[in-house]
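Engineer: Here it is, the structure, as structure tokens.
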């Protein structure tokens, strides 16, 4: 087998890892550092976590085993937030058998287990009831405050955005439409035209 440099492997990994393809243009910067061509695991080691729209857990393992795997990859030991401690010792059920809200919570617990500085969330409330969605948003805000991490969330439910976000950025047709507080965004005529047809 021919020798491949680590750099080459990381570039290939970033380009061909499932849904995670390289951008066709532009750059991704993390605290000023260009990480556009970095592999997923290298970005994670830097302190960037991601929670997917469809929960990404080890379905045939217990919650406790999922947490153990996440902790084994941690750069440092991080205390689990109280809201997620229930998963640390739960050997009673497979992750596949958890309700959707609990699978989402388990995935977030796995990300939190290694202490990220920034967590990307792709529609974290998708598929949840209204009550579950509001509860999730409140727990996310608590986690961010307790752990000192930043949450960057893609979300279309404005009630969740209002509950969760300090700063809201609205895009339309790939361009920045407005950047401000939730009140500023909801009062913006361009936003109403773009998304409500008003």
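Engineer: Could you list, in sequence order, all residues of the range 156-189 that are modelled with pLDDT of 90 or more, within 29 Å of residue 114 (Cα to Cα) and part of a loop (DSSP other than H, G, I, E, B)?
Structural biologist: 165, 166, 167
Engineer: Suppose the filter is more than 28 Å from residue 29 (Cα to Cα) and touching a residue at least 12 places away in the same chain (Cβ under 8 Å); does residue 131 pass it?
Structural biologist: no
Engineer: Follow-up question, since we're still on this one. Under the condition of being within 15 Å of residue 51 (Cβ to Cβ) and outside any loop (DSSP other than H, G, I, E, B), which residue from the range 68-97 is modelled with the lowest pLDDT?
Structural biologist: The qualifying residue modelled with the lowest pLDDT is 83.
Engineer: With respect to residue 70, is the statement that it is within 17 Å of the chain's Cα centre (by Cα), in contact (Cβ under 8 Å) with a residue 60 or more places away in the chain and surrounded by 14 or more Cβ atoms within 10 Å (Cβ to Cβ) true?
Structural biologist: In short, no.
Engineer: Any idea which of 112, 106, 100 is on the phi < 0 side of the Ramachandran plot, modelled with pLDDT of 90 or more and surrounded by fewer than 16 Cβ atoms within 10 Å (Cβ to Cβ)?
Structural biologist: 100
Engineer: Report yes if residue 64 is touching a residue at least 24 places away in the same chain (Cβ under 8 Å) and farther than 16 Å from residue 121 by Cβ, otherwise no.
Structural biologist: yes
Engineer: With the condition kept exactly as written, say whether any residue in the range 43-64 is assigned to a helix (DSSP H, G or I), under 18 Å from residue 145 (Cα atoms) and at pLDDT below 90.
Structural biologist: No, there is no match, as no residue in the range 43-64 is assigned to a helix (DSSP H, G or I), under 18 Å from residue 145 (Cα atoms) and at pLDDT below 90.
Engineer: OK, next. Just a yes or no: is a residue in the range 138-151 assigned to a strand (DSSP E or B) and modelled with pLDDT of 90 or more?
Structural biologist: There is at least one residue in the range 138-151 that is assigned to a strand (DSSP E or B) and modelled with pLDDT of 90 or more.
The values are calculated or read from the model by the stated rules, or taken from the named source; none is laboratory data. As the structure is a computational prediction, the values presented were derived from the model and not from experiment. For neighbour counting, all protein chains shown are included, and Cβ atoms are generated from backbone atoms with ideal geometry for every residue, glycine included.
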